[in-house]
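Remarks on the structure that follows.
The values are calculated or read from the model by the stated rules, or taken from the named source; none is laboratory data. What you are looking at is a predicted structure, and each value in this text was computed from that prediction instead of being measured. Counting neighbours? That spans all protein chains shown, and the Cβs are built from the backbone with ideal geometry, glycine included. Heads up: the accessible areas ignore ligands, DNA and RNA and are worked out on the full protein's heavy atoms, side chains in. Shrake-Rupley method; radii C 1.70, N 1.55, O 1.52, S 1.80 Å.
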Amino acid sequence: MTLDVLRNLPYDPVVVPGWIQSLAATGSAVASAVALVAVALATRQDAVRVGLLFAGVFGLLVTFDAGATLPAAAAVVGGGGLALLGGLGRPATYRRLRRSAIAAMLVVGIGLSLASTIGLAGPGYRGIGGAFALVGVTGIGIHMDGDWIALGVTALVFALVAFASATAPFVAGSALLVGFAVVDVPHLLVALAFGSASGAAFAGLRRRDYGLAVGAGLLVFAGIPATLPRAMAVVLGATLVLVPARRLLGEAHDGANGGRRSKEVRT
């Protein structure tokens, strides 16, 4: 992402050698795939394990064989949906219902964005998919749990992105397109999603919930899941954010503590 932005800067853009761009693109895809497989092997939840293995293995395969793009896209969407919705389980409580709704939004966003990119759907669906994905990312702000400092970070990031979009719309639009694959999506929705995810990441750091912090950070930097590497990063980030740590590690179910949330570990 950083190399793409530098290469597309107006007025004397930074010249980035082609081999570095290729290495960075391949490296990000491989890193996302390996991370998915690592989390799959670490979890005791069968649905999460199977879903993330499918997404990671097929996502890794496509980096070496472009002919596997279609099955890889299906594996990332289907595997991501299985990992997220299966990992969350039946939405027996309002909290689980909220998480399931956010997960569904992200899965639909990944599916529509990838379908448009690989030619299974019209180009207009990329913007629709991006909007679904950003609404899902905005939803993870529920994990701030009333942390006023995190809410302040959310407001600050929202204001910065909104200000840049209002004062320099062409520059901001180019940066969002190149760095985050944002196409045909209102910039205010982008600002809201970035702000919400940034606040959630900050809240995770404050209470040492590193799964939330890393997952929310991935959702910010992955942008719109219009390519397989971005989609894999979104699946990984959403799993870390939405699937409670106790369920992900197989230690206990949400109901074990009456649905209460610890400041240290999300239940």
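Brief remarks on what is shown
- Across segment 227-267, the number of residues qualifying as at pLDDT 55 or above and assigned to a loop (DSSP other than H, G, I, E, B) comes to 5.
- So residue 244, is it buried (at least 20 other Cβ atoms within 10 Å of the Cβ) and closer than 22 Å to residue 127 by Cα: no
- From the list 133, 40, the lone residue that is in contact with a Ser or Thr (Cβ under 7 Å, 6 or more places away or on another chain), open to solvent by less than 20 Å² (accessible area, probe 1.4 Å) and part of a helix (DSSP H, G or I) is 133.
- Condition check for residue 208: open to solvent by 20 Å² or more (accessible area, probe 1.4 Å) and part of a loop (DSSP other than H, G, I, E, B): yes
- Residue in segment 98-109 that is among the basic types (Lys, Arg) and touching a residue at least 60 places away in the same chain (Cβ under 8 Å) present: yes
- Checked against the criterion of being small (Gly, Ala, Ser), outside any loop (DSSP other than H, G, I, E, B), surrounded by fewer than 22 Cβ atoms within 10 Å (Cβ to Cβ) and at pLDDT below 95, the candidates 127, 119, 146 yield just one match: 127.
- Identity of the residue in segment 60-99, among the aliphatic types (A, V, I, L, M) and within 22 Å of residue 141 (Cβ to Cβ), that ends up most open to solvent (accessible area, probe 1.4 Å): 97
- In segment 198-205 there is at least one residue that is assigned to a helix (DSSP H, G or I), in contact with an Asp or Glu (Cβ under 9 Å, 6 or more places away or on another chain), within 27 Å of residue 28 (Cα to Cα) and open to solvent by 20 Å² or more (accessible area, probe 1.4 Å).
- Boolean, residue 170 is assigned to a helix (DSSP H, G or I), open to solvent by 60 Å² or more (accessible area, probe 1.4 Å) and either touching a Lys or Arg at 6+ places or on another chain (Cβ under 8 Å) or in contact (Cβ under 8 Å) with a residue 24 or more places away in the chain (or both): no
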